[in-house]
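The values are calculated or read from the model by the stated rules, or taken from the named source; none is laboratory data. These figures come from a predicted structure and were not determined experimentally. Note: ideal-geometry Cβ built from the backbone for every residue, glycine included; neighbour counts use all protein chains shown.
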Amino acid sequence: MTRRSRRAKRHVSHQILMTAIPILGLGAMMLLLSFFVGTHPMVQAFGKALRLVAPYPLVIGLALLALYAVLRPKPDVAPTRNHEPSFDKNTPSPSGAATKEQPDIPPELPAHRGEPTPATAWSPRVFDDIEWRRFEALCESLFAQAGFETRAQSHGADGGVDIWLHSRHADGPAAIVQCKHWLGKPVGVKEVREFFGVMASHKLNRGTYATSSTFTSDASQFAKSNGISTLDRQGLLALIAKRTPEQQQALLAVAYEGEYWRPMCASCGVKMVERASRGKKSSFWGCVNFPKCRMTLQTRGLQTTSAASS
C-alpha cells in the first residue's frame with residue numbers, strides 16, 4: 001500500500017470514528033434518560049419508548065467502531081527510498097567489550113555538482129531541473145494566477161491532497177490538486193484511482209492531477225470519466241504559454257527559487273544532502289536528520305516524488 005493510499009485510508013477511518021462516537025453518546029443518553037423519567041403515565045410511556053429506541057444507535061455505533069478497527073491502518077514506519085544508509089555492526093572495544101552500535105552516515109558530497117543554471121524561458125527542461133517541492137510550488141502559483149485562493153502543505157502528512165483550491169465566491173474548497181513530479185515514468189490508473197478516492201472522501205466533484213511526466217491511456221480515460229482534469233508535461237507548458245510574459249517569468253522564478261535542484265525531505269521539510277552509497281559507486285539524496293529520518297531519494301532516476309508528497 002502506498003503512502004498516499006494509507007493517508008486516504010486513515011482519513012476514512014477517522015471519519016468513521018468521528019461518526020461512531022456521537023451515535024454511541026446519543027444511544028447511551030437515551031438509555032439513561034429512560035430510567036429517570038417521572039411516575040406520570042405519559043412520561044413513563046415516553047421512557048419505555050426511549051428504552052425501545054436506544055439500542056439502535058448503540059448497535060450502529062458499535063458496528064462503526066468495529067469497522068474503524070478493521071479499516072484503521074497500521075502506524076507508519078520510517079519511510080525509505082531506493083537506498084538505505086548502512087549501519088556498522090557492533091565493534092569490539094580495545095578491552096574486548098562490544099561498543100554501542102552507531103549509524104555509519106555516508107559522506108556528504110559537495111552541493112550543486114554540475115547542475116545547470118536556471119533557464120530563461122519555458123521548456124520541458126525546467127521540469128527536469130527542479131525538485132518535487134518546486135514543482136508543487138509552481139503548480140500552486142499557476143492556479144493562483146487563475147484566480148483561486150490556494151493552500152498547500154510543504155511537508156508531512158497531507159491526506160492525499162497537495163493543493164486546496166478555494167473560490168473567492170464560495171465557502172469551502174472548490175477543488176483539490178495532486179502533483180506528481182515524475183521524470184520518464186507515466187502516471188498510471190492506480191494513482192488516479194487513489195486520487196479519485198480522496199476526492200470522494202472530501203465530497204468534491206472537481207480535481208486536477210498534474211504531473212511533470214505523462215499519463216497512461218487507462219489513467220487518462222479513468223480521469224475523463226470521473227471529472228478529473230489531467231495536466232501532463234505538455235499540458236502544463238501549453239497552460240503556461242497562455243499567461244502573459246510577466247506571469248511566465250514569475251512562474252519561472254518560482255520554479256528556480258533557492259536551491260531548486262536539491263530535493264526537500266517530505267517528512268521533515270528540510271533540504272536533503274547528496275551522499276555517496278556503499279562503495280561510492282553511486283549517490284543518493286538523504287535527509288540531514290538521519291538516522292532519525294531515513295527518507296532517501298534517487299539523485300537522477302526515473303522518479304522523484306514527494307513522500308507524500310507529495
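Is it the case that the stretch 210-226 has a residue that's under 22 Å from CYS265 (Cα atoms) and of a type outside the set (S, T, N, Q)? Scanning the stretch 210-226, I find at least one residue that is under 22 Å from CYS265 (Cα atoms) and of a type outside the set (S, T, N, Q), so the answer is yes.
Checked against (1) part of a helix (DSSP H, G or I); (2) in contact with a strand residue (DSSP E or B) (Cβ under 6 Å, 6 or more places away or on another chain); (3) under 17 Å from ASN226 (Cβ atoms), THR208 passes all but a single condition, namely (1).
The C-beta contact set for the stretch 177-203 (first residue touching a residue at least 12 places away in the same chain (Cβ under 8 Å), second residue in a loop (DSSP other than H, G, I, E, B) and of a type in the set (Lys, Arg), distance under 9 angstrom, 6+ apart or interchain) comprises LEU183/ARG300; MET199/ARG206.
Under the condition of being part of a loop (DSSP other than H, G, I, E, B) and either touching a residue at least 24 places away in the same chain (Cβ under 8 Å) or not assigned by TED's automatic domain parsing to the domain that holds LEU138 (or both), the residues counted in the stretch 233-248 number 1.
Being assigned to a loop (DSSP other than H, G, I, E, B) and not β-branched (Val, Ile, Thr) is a property that does not hold for LEU251. Restrict the check to the stretch 236-256 and report whether at least one residue is surrounded by fewer than 18 Cβ atoms within 10 Å (Cβ to Cβ) and at positive phi. No, the stretch 236-256 has no match at all.
Among the residues making up the stretch 236-270, those that are polar (S, T, N, Q) and over 19 Å from LEU297 (Cβ atoms) are THR244, GLN247, GLN248, GLN249. Taking the listed residues VAL198, VAL177, VAL161, VAL192, the one that is assigned to a loop (DSSP other than H, G, I, E, B), under 23 Å from ARG133 (Cβ atoms) and β-branched (Val, Ile, Thr) is VAL161, with no other qualifying. The set of residues in the stretch 164-174 that are loosely packed, with under 14 Cβ neighbours inside 10 Å and either hydrophobic (A, V, I, L, M, F, W, C) or assigned to a strand (DSSP E or B) (or both) contains only ALA170.
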